[in-house]
1. Between residue 93 and residue 2, what is the FRET efficiency for a Förster distance of 25 Å, r being their Cβ-Cβ separation, to the nearest 0.05?
2. With +1 on the Cβ of every Lys and Arg and -1 on the Cβ of every Asp and Glu, and nothing else charged, how large is the dipole of the chain about its Cα centre, in debye rounded to the nearest 20?
3. Just the number please: accessible area per residue for the chain, 1.4 Å probe, all protein chains included, in Å².
4. Within 10 Å, count the other beta carbons around each residue, average over each peptide in 173-183, 9-19, 60-70, and list them highest first.
5. Run the numbers on the chain and let me know its relative contact order in percent, using alpha-carbon pairs under 8 Å that are six or more apart.
6. Shape call for the range 59-192 from the C-alpha gyration tensor, a ≥ b ≥ c root eigenvalues: rounded (a/c under 1.5), prolate (a/b greater than b/c) or oblate?
7. Nearest 500 deg cm²/dmol is fine: what mean residue ellipticity at 222 nm does the chain get from its DSSP H runs of n ≥ 4 alone, each adding -39,500 (n - 2.57), divided by its residue count?
8. So how far apart, in nm, are the two label points at residue 31 and residue 110 if each is 7 Å from Cα heading toward Cβ?
Amino acid sequence: MASIKDVAAEAGVSVATVSRVLNDHPSVSVDARVRVLTAVEILGYRPNAVARSLRTDRTRTLGLVISDVMNPYFTELARSVEEAARTLGYSVIIGNADERPDLQDHHVRTLLDRRIDGLLVSPTDGGSPGMLDVARAGTPMVFVDRWIPGLDVPVVRADGRAAVRDLVAHLHGLGHRRLAIITGPAATTTGSERVEAFREALAEYGLPLPDAYMGQGDFQAESGRRATERFLELPEPPEVVFAADNLMALGALDAVRARGMRIPHDIALAAFDDIPWFVHTDPPITAIAQPTGELGRTAVRALIDRIEGRPPQSVTLPARLVVRRSCGEAPVTEPVTERSNP
């Protein structure tokens, strides 16, 4: 592959002259410009991405910091972001925060050092110092799935409140009255919003949410297992466990099976964040599905709008209840190809 030095040698000029020609600098003579452009054509020279970004101040690269790459929801979100960006001529560099604010800030700093054009973030908390600094500095940024209240940053997310109400109505219709929840971290918007929606939906049916029926989780499977074990040790265990994300639901499933109990005969289970695996469990798990693919695509479009100077807008998409058989529903025929993000 030809280098800029090869072009200079072919054209009989200095490397600095080649650089000025490629940058369209007016101080270069017509003769030198013709010789350089001819050499470029003969050698098939193409400036590398770094050099091009230094001239244009654009790298056509986006940064994506997700909360947990092990969570199938975020894996699918990252995939949709990468596909949408590639279609629009952008590359994506991904950082996994592993639900740690310090690691999140590390990835954000690293991505900015690499001169990304814009940043997509699913924040791990209510606002680490690093995230606040980046947002207030005017960096082109869009929050996806989660957000930090009070910051002037567009948000692309799903609204699960209606779907949670549908779930509680569904459970009430099945005769369940003792409903428990494994919550996500209160510092995350999704964690606080889902438990508030659950509490409000229960209140509509005159159902309480005792402290004993609230298990604190961290969106990780182990926390779901621990919370469910505590529920099962209560003098009057809940009839249903609602896990506020898919990994905590898998942990809850492990806890139930470890005791030799069966779902839904001994206790029912439902989850937020549907994943393809849920249709293959025994029984298939009733879950709230987010439009993951559309969230990713919409977030990319919003970020590019901001990068290119167009006013971006926040977008809220609806989540939906997917009824299966983990809460005592009648068996139904369901295609095994069902996914959470059509």
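1. 0.35
2. 920 debye
3. Working: 15690 Å² over 342 residues.
Normalised by residue count, the accessible surface of the chain is 46 Å².
4. Numbers: 173-183: 19.5, 9-19: 17.3, 60-70: 21.6.
Ranked by mean Cβ neighbours within 10 Å, highest first: 60-70, 173-183, 9-19.
5. Working: 656 pairs, mean separation 53.0, N = 342.
Reported relative contact order: 15 percent.
6. prolate
7. That calculation yields -13000 deg cm²/dmol at 222 nm.
8. 5.2 nm
The values are calculated or read from the model by the stated rules, or taken from the named source; none is laboratory data. Keep in mind that what you see is a predicted model, and the values were worked out from it rather than measured. Note that each Cβ is placed from the backbone with ideal geometry, even for glycine, and that neighbours are counted across all protein chains shown. The protein model used for the area step is the full one, side chains on, heavy atoms only, and it has no ligands, DNA or RNA in it. Shrake-Rupley method; radii C 1.70, N 1.55, O 1.52, S 1.80 Å.
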